[in-house]
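One structure is given here, and the rest of the page talks about it.
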Amino acid sequence: MSVTADIGDPHDIHPKDKQDVGKRLAAIALNDVYGFQQTHGGPDYDSVFFSSGKAYLFFKSRGQGLLSRDQSGYLRGFEIAGPDRKFYYARAQVRGERVEVYSDSVAQPVAVRYGWSNAPDGINLYNVEGFPASPFRTDQWPGVTDSVRFYKP
């Protein structure tokens, strides 16, 4: 599987940009099937720690490093929540091998999510090799559909 959240169309499940999808899938095949050891995916969330009102995120599959595909250097698509479980848009920046996330609206953060929507728009965390990070969340809180059951009479 390959991440396409950055090149997809929220109104069409089939991305128009087939070349980038093909390149990403080919990189996986070359690595996993043909043994060409290379970076073949984007940053993969590994862990988080919270300190002094900020969240510090660490990733596997960083390749040669993390980067923002934005002229300002800021990351988009991050949200942060406190103990009340309310998420607020957050500021995020690459700081070496980690990502620092914070919001003035959350004094004591306990959870972070990235690209967490049906059609994440503008997410821009990549590794140097050009592979995007997959959307993720750090919490294990019940989702809005966890208690919903489908019943067919």
Scan the range 42-75 residue by residue and report those that are at pLDDT below 90, surrounded by 14 or more Cβ atoms within 10 Å (Cβ to Cβ) and at positive phi. S61, G63
When the residues of the range 78-104 are filtered to those that are assigned to a strand (DSSP E or B) and among the aliphatic types (A, V, I, L, M), which remaining residue is farthest from T138 (Cα to Cα)? V94
Exactly one of (1) closer than 18 Å to A133 by Cα; (2) touching a strand residue (DSSP E or B) at 6+ places or on another chain (Cβ under 7 Å) is unmet by F49. Its number? (1)
From the list V99, V94, V128, which one is in contact (Cβ under 8 Å) with a residue 40 or more places away in the chain and buried (at least 17 other Cβ atoms within 10 Å of the Cβ)? V99
Which of the numbered conditions does F36 fail, given that it passes all the others? Conditions: (1) at pLDDT below 95; (2) under 17 Å from the mean Cα position of the chain (by Cα). (2)
Against the condition in a loop (DSSP other than H, G, I, E, B) and surrounded by 12 or more Cβ atoms within 10 Å (Cβ to Cβ), how does S117 come out, does it pass? yes
Do you know which of the residues in the range 131-146 that are of a type in the set (S, T, N, Q) and either touching a helix residue (DSSP H, G or I) at 6+ places or on another chain (Cβ under 8 Å) or surrounded by fewer than 17 Cβ atoms within 10 Å (Cβ to Cβ) (or both) is nearest to S2 (Cα to Cα)? Q140
Count, please, the residues in the range 21-41 that happen to be within 15 Å of A133 (Cβ to Cβ) and surrounded by fewer than 17 Cβ atoms within 10 Å (Cβ to Cβ). 1
With the range 1-77 as the region, which strands (runs of 3 or more DSSP E) entirely inside it contain at least 2 residues that are aromatic (F, W, Y) and touching a residue at least 40 places away in the same chain (Cβ under 8 Å)? 44-51, 54-60
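The values are calculated or read from the model by the stated rules, or taken from the named source; none is laboratory data. Since this is a predicted model, take the numbers as computed values, not measurements. All Cβ positions, even for glycine, are placed from backbone atoms using ideal geometry, and neighbour counts span all protein chains on display.
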